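*Asks:* Here it is, the structure, as structure tokens.
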Amino acid sequence: MRKAPSALLLLAFVFLAVTRVAGAAQEQSNGQQSDAGTTPLGAITEADRLFNFSATRVSVAPNIDGSIDEEVWSRAVVLSGFVQEEPNEGQPVSERTEVRVIYDDEAIYIAAMNYDSQPDRIIANVRRRDESPHNNDSFLVTLDTYHDHRNGFLFATNPLGVRYDAQIVGEGSGAFGGRFPSQSLNRDWDAIWETRARITEEGWMVEIAIPFSELRFNIDRSDWGINFRRIIRRKTEAAYWAPVERQFDETRLSSSGMVQGLQLSQPRNLQMRPYAVGGFNRKLADGASYVYEYEDDYIGDIGGDMKWSVSPNLTLDLTVNTDFSQVEADDQRINLTRFSLFFPEKRDFFLENAGFFSFGGGSSGRGGSRMGGGSTVQGFHSRTIGINDNNEQVPLYGGGRLTGKVGKWSVGTLIMQTGSLESAVGDEVSPSNNYIVGRASYDVGERSRAGVLFTNRQASSTDYNRELGFDGRWGINDQTTVDAWIMKTETPDLDGNDFAGQIQFDWGSPRFQVRGAYLDVGENFNPEMGFVTRTGIRAIDSSFYWTPFFPDSPYVRNLSPHVMYRHTTDRGGELLSTYAHLDWDMFLKYGDKISVAHNRSYELLELPFQISAGVIIPPGVYEWSEVNFELQSDAGRPVDGSFNYTTGGFWSGDRSEIRVQAGWRPGSRLSFKLSWNHNEIDLPEGAFETDLASLRADLDFTTEMSMRSLIQYNGQQDIMLANVRLRYIYTPGSDLYLVYNETQVVEGSSLVDRAILFKATYLLRF
């Protein structure tokens, strides 16, 4: 078998050096200058300050134009004294930061003056809606509107006025710096709000207006939790108004401050968003044989959504003839396992308030996707509604969703009705189905909760699937949590062994993080409205992180050596698989990362499976080891990228894998991202290669108008896919889309599918 030449490793080092040089200018004086107007006073503790203030009510709303010189802002309390989380936890922020908060009957308004002693070195190159501003200079706001330390909202922007928002459900712990997956943050939630920013000779200022109609809150409460975070990207510095320990992030609501004196009334409570869509679609008449006979279809349809705030606590969403033609294409994946891949939800209607319905978990950490040694379990996955097993869209007649909070109860109910669809692959038919989901969670004490989940898919009296689950969290203290859940499914012709359950322990401090979990999945566990990787197993999953910091080092920010171990048996105790991972991560001062890892795998294969066309791995016991080397440059630079090389054993033979990503931002409006994944696999059963490549180009004309283009090549399926989406937000909440999709078989350049679609939506408020 061919091995990746050593020149590739040299190339990787050269690439990192190039990106390092691209950002060298921004590093020369970092850490050398004192805060403009601020003298380091030593560590500031939470006990030294009161993190609460009274909101200022105004009768005239400010003009949201990025200037905070209006007289109305002078009435507000000035909030300052930001404290670093990174790189020097507890020290004052290196650049002075001032925040003001006012409100009226319609919205809460926030203004920030982010002083900067070197305004020409402010990093701002993101304009597109919902692109994370964390790799730019940025300003973030969290609102705990129920003040329950569990549920809230996140809003963020940068010096170009990008809009980024998310829902926080069940308190975002930060998942210990992102090391452990967290389902508490729904980044796909979109609110209708305004922000403008501008760079000045003193730094950059920003104004934010968040309508109360976009939030959910208890009208009888006059206090909210609130916090602010500032990121100074060239210094890799992050600071909070109310300090948050570094093992957490901005979603740590229990660490927030408080705004008092809010006198709120019922906001406008009805929104309607009709749509019209038209277009043309050409596809193969026989998708299985690729005969050059095509079907042409002219598309034209109408429908819409309605949002009604039943109360400030509860929101009812209704949808009729739901359309998802504007949704981005799925990212292609290479599957070298015998288990199904998990694809995330991307459809707007299901993404909103998705956190209310999250349930489950499992062994889904590093190595899980590659080997499936553990199992990922989700009680509810909305992608099962309206998309069949052949990845075809099924007509959605409509449905409704009620979400919100009543007292200590968080509730969510979803009802959807789909139509029938004759599949283009084979003779299968997707029948009409009714879907029902019910979710409730009750707050116990400061950090604990108990909840229940019920799902029902019903096509007929003999074709159905039901699920009942209970879950809970015990927050022992600020650093320790225990999570547990149990589920039972009911499916015709499947009787017994239909349970699944997990208990998980997490403990984290700024320097140490520990996780331990036990998972049990019965052979007949069948969550048809959820997702499960594998059944009939018992798995133990554990991990340990040690994170020493080096604030005085000119090169290294922190290390993160860690170990992971997964042990999976069948329910009779026979060993099925193990996965051991030893990793040494080094995070450099200005955002680069170097990682070296060693993995050891054991697999008992009870049935043969086809890993590639004509290559079948027979049953047996397989053991192998591999090593991994990774370089990653800081994503805030105009040129950034990563290089990942893995080599070693693989099943009965050997494997070499190269993963490369490169990004280029020639300006704030245009960006490119290239990725390539290449595998060379040599097995006694056969040798083969896989390639997966993509090129993404984004053009942001303004913060309201953007074009995203994605071209993907999947060598495993020999297909090329193209997706181009032009979006124009002509008024807040109202959009125009022009979408082009194409799929081709590379060999012979035969067209599989081509579609051009136009979609218009318009927001009506009552």
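The values are calculated or read from the model by the stated rules, or taken from the named source; none is laboratory data. None of the values given here were measured: they were computed from a predicted structure. Note that we place each Cβ from the backbone using ideal geometry, even for glycine, and neighbour counts take in every protein chain shown.
*Asks:* Among the residues of segment 747-765, what is the count of those that are in a loop (DSSP other than H, G, I, E, B) and closer than 26 Å to Phe212 by Cα?
*Replies:* Filtering segment 747-765 down to residues in a loop (DSSP other than H, G, I, E, B) leaves 747-749, 762-763.
Adding the requirement that they be closer than 26 Å to Phe212 by Cα leaves 762-763.
Residues that pass the stated criteria total 2.
*Asks:* Also, quick follow-up: Taking Tyr728 and the conditions (1) buried (at least 18 other Cβ atoms within 10 Å of the Cβ); (2) not in a loop (DSSP other than H, G, I, E, B), which numbered condition does it fall short on, given that it satisfies the others?
*Replies:* It fails just one condition, (1).
*Asks:* Moving to a separate point now. Could you list, in sequence order, the residues of segment 616-629 that are under 16 Å from Asn679 (Cα atoms) and surrounded by 15 or more Cβ atoms within 10 Å (Cβ to Cβ)?
*Replies:* Within segment 616-629, Glu626, Asn628, Phe629 qualify.
*Asks:* Identify the residue in segment 572-615 that is of a type in the set (Asp, Glu) and loosely packed, with under 13 Cβ neighbours inside 10 Å and, among all such residues, is farthest from Ser642 (Cα to Cα). Explain how you work it out, then say what you get.
*Replies:* Filtering segment 572-615 for residues of a type in the set (Asp, Glu) gives 574, 583, 585, 592, 603, 606.
Filter again for loosely packed, with under 13 Cβ neighbours inside 10 Å, leaving 574, 606.
Numbers: Glu574: 40, Glu606: 37 Å.
For segment 572-615, the residue satisfying everything is Glu574.
*Asks:* Taking into account only those residues within segment 346-363 that are outside any loop (DSSP other than H, G, I, E, B) and free of Cβ contacts under 8 Å to residues at least 60 places away in the same chain, which is farthest from Leu468 (Cα to Cα)? Talk me through it step by step, then tell me what you get.
*Replies:* As a first pass, look at segment 346-363 and keep what is outside any loop (DSSP other than H, G, I, E, B): 348-351, 354-357, 360-362.
Then keep just the ones that are free of Cβ contacts under 8 Å to residues at least 60 places away in the same chain; that gives 349-350.
On the way: Phe349: 24, Phe350: 21 Å.
Within segment 346-363, the match that is farthest from Leu468 (Cα to Cα) is Phe349.
*Asks:* Filter segment 194-214 down to residues that are surrounded by fewer than 21 Cβ atoms within 10 Å (Cβ to Cβ) and among the hydrophobic types (A, V, I, L, M, F, W, C) and give me whichever is farthest from Ala107 (Cα to Cα).
*Replies:* Ile199
*Asks:* If you don't mind, another one. Pull up segment 471-498, narrow it to residues that are within 30 Å of Gln417 (Cβ to Cβ), among the hydrophobic types (A, V, I, L, M, F, W, C) and touching a Gly at 6+ places or on another chain (Cβ under 7 Å), then point me to the one that is surrounded by the most Cβ atoms within 10 Å (Cβ to Cβ). Give the derivation first.
*Replies:* Restricting attention to segment 471-498, the residues satisfying the condition of being within 30 Å of Gln417 (Cβ to Cβ) are 471, 485-495, 498.
Subset that is among the hydrophobic types (A, V, I, L, M, F, W, C): 485-487, 494.
Keeping just the survivors that are touching a Gly at 6+ places or on another chain (Cβ under 7 Å) gives 485-487.
Working: Trp485: 23, Ile486: 15, Met487: 27.
Among those residues, the one meeting the criterion is Met487.
*Asks:* Let me ask you something else. I'm trying to understand the selection: among the residues of segment 308-325, which are within 22 Å of Arg383 (Cα to Cα) and in contact with a helix residue (DSSP H, G or I) (Cβ under 9 Å, 6 or more places away or on another chain)?
*Replies:* Asp317, Thr319, Thr322, Phe324
*Asks:* Can you find a residue in segment 301-311 that is modelled with pLDDT of 80 or more, over 30 Å from Phe650 (Cβ atoms) and out of contact with any strand residue (DSSP E or B) (no Cβ under 9 Å at 6 or more places or on another chain)?
*Replies:* No - not one qualifying residue is present in segment 301-311.
*Asks:* When you look at Ala450, is it under 25 Å from Thr535 (Cβ atoms) and at pLDDT 90 or above, yes or no? Before you say what the answer is, go through the steps one by one.
*Replies:* Details: under 25 Å from Thr535 (Cβ atoms): no; at pLDDT 90 or above: yes.
Judged against the criteria, Ala450 is not a match.
*Asks:* Of the residues in segment 306-345, how many are in contact (Cβ under 8 Å) with a residue 60 or more places away in the chain, of a type in the set (Lys, Arg) and surrounded by 16 or more Cβ atoms within 10 Å (Cβ to Cβ)?
*Replies:* The total comes to 1.
*Asks:* Can we say Asp698 is buried (at least 19 other Cβ atoms within 10 Å of the Cβ) and touching a Leu at 6+ places or on another chain (Cβ under 8 Å)?
*Replies:* Working: buried (at least 19 other Cβ atoms within 10 Å of the Cβ): yes; touching a Leu at 6+ places or on another chain (Cβ under 8 Å): yes.
Judged against the criteria, Asp698 is a match.
*Asks:* Might you check whether a residue that is touching a residue at least 24 places away in the same chain (Cβ under 8 Å), touching an Asp or Glu at 6+ places or on another chain (Cβ under 9 Å), among the charged types (D, E, K, R) and more than 18 Å from Asp330 (Cβ to Cβ) occurs anywhere in segment 745-754?
*Replies:* Among the residues of segment 745-754, at least one is touching a residue at least 24 places away in the same chain (Cβ under 8 Å), touching an Asp or Glu at 6+ places or on another chain (Cβ under 9 Å), among the charged types (D, E, K, R) and more than 18 Å from Asp330 (Cβ to Cβ), which makes the answer yes.
*Asks:* Another question about this same structure. Can you give me the number of residues within segment 80-127 that are surrounded by fewer than 20 Cβ atoms within 10 Å (Cβ to Cβ), touching a residue at least 24 places away in the same chain (Cβ under 8 Å) and either charged (D, E, K, R) or not assigned by TED's automatic domain parsing to the domain that holds Glu237 (or both)?
*Replies:* 6
*Asks:* Condition check: within 29 Å of Asp348 (Cα to Cα) and either modelled with pLDDT of 85 or more or not assigned by TED's automatic domain parsing to the domain that holds Arg515 (or both). Does Gln271 satisfy that? Step through it out loud before you land on a result.
*Replies:* Numbers: within 29 Å of Asp348 (Cα to Cα): yes; either modelled with pLDDT of 85 or more or not assigned by TED's automatic domain parsing to the domain that holds Arg515 (or both): yes.
Yes: the conditions hold for Gln271.
*Asks:* Hey, does segment 538-553 have a residue that's in contact (Cβ under 8 Å) with a residue 60 or more places away in the chain, among the basic types (Lys, Arg) and surrounded by 15 or more Cβ atoms within 10 Å (Cβ to Cβ)?
*Replies:* No, because not a single residue in segment 538-553 is in contact (Cβ under 8 Å) with a residue 60 or more places away in the chain, among the basic types (Lys, Arg) and surrounded by 15 or more Cβ atoms within 10 Å (Cβ to Cβ).
*Asks:* For Leu519, indicate whether it is free of Cβ contacts under 8 Å to residues at least 24 places away in the same chain and either assigned to a strand (DSSP E or B) or not polar (S, T, N, Q) (or both).
*Replies:* Working: free of Cβ contacts under 8 Å to residues at least 24 places away in the same chain: no; either assigned to a strand (DSSP E or B) or not polar (S, T, N, Q) (or both): yes.
No; evaluated as a whole, the condition is false for this residue.
*Asks:* Can you pull out every residue in segment 372-413 that is crowded, with 16+ Cβ neighbours inside 10 Å and within 18 Å of Leu215 (Cα to Cα)?
*Replies:* Those that are crowded, with 16+ Cβ neighbours inside 10 Å and within 18 Å of Leu215 (Cα to Cα): Arg401, Leu402, Thr403, Gly404, Lys405, Ser410, Val411, Gly412.
*Asks:* Only one of these conditions is not met by Pro684: (1) surrounded by fewer than 16 Cβ atoms within 10 Å (Cβ to Cβ); (2) farther than 27 Å from Ala597 by Cβ. Which number is it?
*Replies:* Here Pro684 meets the rest and fails (2).
*Asks:* Counting only residues that are more than 30 Å from Gly620 (Cβ to Cβ), in a strand (DSSP E or B) and of a type in the set (Ser, Thr, Tyr), how many does segment 663-704 have? Before the answer, list the steps.
*Replies:* We begin by selecting, within segment 663-704, every residue more than 30 Å from Gly620 (Cβ to Cβ); these are 663-676, 693-704.
In the following step, the residues that additionally are in a strand (DSSP E or B) were identified as 663-664, 670-676, 693-700.
Filter once more, so that each one left must be of a type in the set (Ser, Thr, Tyr): 671, 675, 694.
Within segment 663-704, residues that are more than 30 Å from Gly620 (Cβ to Cβ), in a strand (DSSP E or B) and of a type in the set (Ser, Thr, Tyr) number 3.
*Asks:* What are the pairs with Cβ atoms under 6 angstrom where one residue, in segment 554-572, is in contact (Cβ under 8 Å) with a residue 24 or more places away in the chain and farther than 11 Å from Met586 by Cα and the other, located anywhere, is among the acidic types (Asp, Glu) and crowded, with 20+ Cβ neighbours inside 10 Å? Sequence gap at least six, or different chains.
*Replies:* Arg566/Asp541
*Asks:* Mind listing whichever residues of segment 75-106 are of a type in the set (A, V, I, L, M, F, W, C) and in a strand (DSSP E or B)? Write out each step before concluding.
*Replies:* Applying the first criterion (of a type in the set (A, V, I, L, M, F, W, C)) to segment 75-106 yields 76-79, 82-83, 93, 99, 101-102.
Residues satisfying the conditions are Leu79, Val83, Val99, Val101, Ile102.
*Asks:* Consider Tyr442 carefully, then state whether it is in the same structural domain as Gln393 (by TED's automatic domain parsing), over 25 Å from Thr403 (Cβ atoms) and out of contact with any helix residue (DSSP H, G or I) (no Cβ under 8 Å at 6 or more places or on another chain). First the steps, then the outcome.
*Replies:* On the way: in the same structural domain as Gln393 (by TED's automatic domain parsing): yes; over 25 Å from Thr403 (Cβ atoms): no; out of contact with any helix residue (DSSP H, G or I) (no Cβ under 8 Å at 6 or more places or on another chain): yes.
Here the answer is no, as Tyr442 does not meet what is asked.
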